[in-house]
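Accompanying notes for the structure given below.
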């Protein structure tokens, strides 16, 4: 099982924002960038980390709602620390999280649904595989030019994120660039 967060630890956004040194190490060593990482977990960073988990060889990839909402900037206005469901170190902080968006509005958000569907399909977790039906989402495109680099690159927030042809030893469906 893999998950970027759970009910008893920091959410993806809070994890990114709470420790500057760890954030810089991750940005340099995992995302392979020499630039300074953004202070906030922007959608491009969330997309990169969620894709890492989806492409993992784990049987299950589980994502709390808060981590999926980080894929779109409009859902990240609330302070990341408020997304924590339970803080086991604080006896007065227990299961108090409430989503700040309604299910009805999420159901109408076709862009977010497309981003998540594309991640699942490209990660090989769609049953049955729907490769022939995958269309590029508004923020995702593939090109043969991206395949030139075997390394993951993060060239700034406004630039693209290129992914290697393998992730955690599992071949992917091809490179993906996030714009």
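Of all residue pairs spaced 6 or more apart or on separate chains, those with beta-carbon atoms under 6 Å, a first member in region 92-110 that is surrounded by 10 or more Cβ atoms within 10 Å (Cβ to Cβ) and a second member that is assigned to a loop (DSSP other than H, G, I, E, B) and modelled with pLDDT of 90 or more are 100/78. The set of residues in region 69-107 being in contact with a helix residue (DSSP H, G or I) (Cβ under 6 Å, 6 or more places away or on another chain) and not in a loop (DSSP other than H, G, I, E, B) consists of 69, 73, 75, 80, 81, 83. For residues that are modelled with pLDDT of 95 or more, farther than 16 Å from residue 15 by Cα and surrounded by fewer than 20 Cβ atoms within 10 Å (Cβ to Cβ), scanning just region 63-91, find the one that is farthest from the chain's Cα centre (by Cα). The selected residue is 74. Here residue 51 clears all of (1) modelled with pLDDT of 85 or more; (2) farther than 21 Å from residue 2 by Cβ; (3) in a helix (DSSP H, G or I) except the condition numbered (2).
Within region 11-36, the only residue that satisfies the criterion of being over 28 Å from residue 124 (Cβ atoms), under 16 Å from the mean Cα position of the chain (by Cα) and without any contact (Cβ under 8 Å) to a residue 24 or more places away in the chain is 23.
The values are calculated or read from the model by the stated rules, or taken from the named source; none is laboratory data. Note that the structure is a prediction, hence the values are computed from the model and not measured. All Cβ positions, even for glycine, are placed from backbone atoms using ideal geometry, and neighbour counts span all protein chains on display.
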